[in-house]
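Report on one structure; see the data block that follows.
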Amino acid sequence: MAVPKRKQSRSNTRSRRSCWKAEAPTLVKTMENGKVVYSLPHRAKVVSDAAGTALFMEYKGRKVADV
């Protein structure tokens, strides 16, 4: 494992750590069956029937995989 050659100051340590922040994910608003649904962009989504059974996965309106 690498060992630091010299001690890093408190201000440098804190400014380096301040760059790591948690962000809320960006969501895309779409309409499905008359309902507003929020989902992650550029992800395949599961299409289900009225009973809630998963049928297949869809991306940009096309079927991409069976579930």
Fill in: Leading residue by the ranking (farthest from the chain's Cα centre (by Cα)) among those in segment 30-43 that are surrounded by 10 or more Cβ atoms within 10 Å (Cβ to Cβ) and of a type outside the set (Ser, Thr, Tyr)
Glu32
Item to complete: Determine if segment 38-49 includes at least one residue that is polar (S, T, N, Q), part of a loop (DSSP other than H, G, I, E, B) and free of Cβ contacts under 8 Å to residues at least 40 places away in the same chain.
Response: no
Worksheet entry | Check on Leu27, open to solvent by 60 Å² or more (accessible area, probe 1.4 Å) and more than 21 Å from the chain's Cα centre (by Cα) | no
Discussion item. Please determine whether any residue of segment 3-18 is in contact with a strand residue (DSSP E or B) (Cβ under 8 Å, 6 or more places away or on another chain) and without any contact (Cβ under 8 Å) to a residue 60 or more places away in the chain.
Written reply: no
Worksheet item: Restricting attention to segment 56-67, which residues are open to solvent by 80 Å² or more (accessible area, probe 1.4 Å) and either closer than 15 Å to Asn33 by Cβ or of a type outside the set (A, V, I, L, M) (or both)?
Response: Lys60, Arg62, Lys63, Asp66
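The values are calculated or read from the model by the stated rules, or taken from the named source; none is laboratory data. The model shown is predicted, which means the values in this text are computed figures rather than measured ones. All Cβ positions, glycine included, derive from the backbone under ideal geometry; neighbour counts span all protein chains shown. Surface accessibility is based on the protein's heavy atoms, side chains included, excluding ligands, DNA and RNA. Shrake-Rupley method; radii C 1.70, N 1.55, O 1.52, S 1.80 Å.
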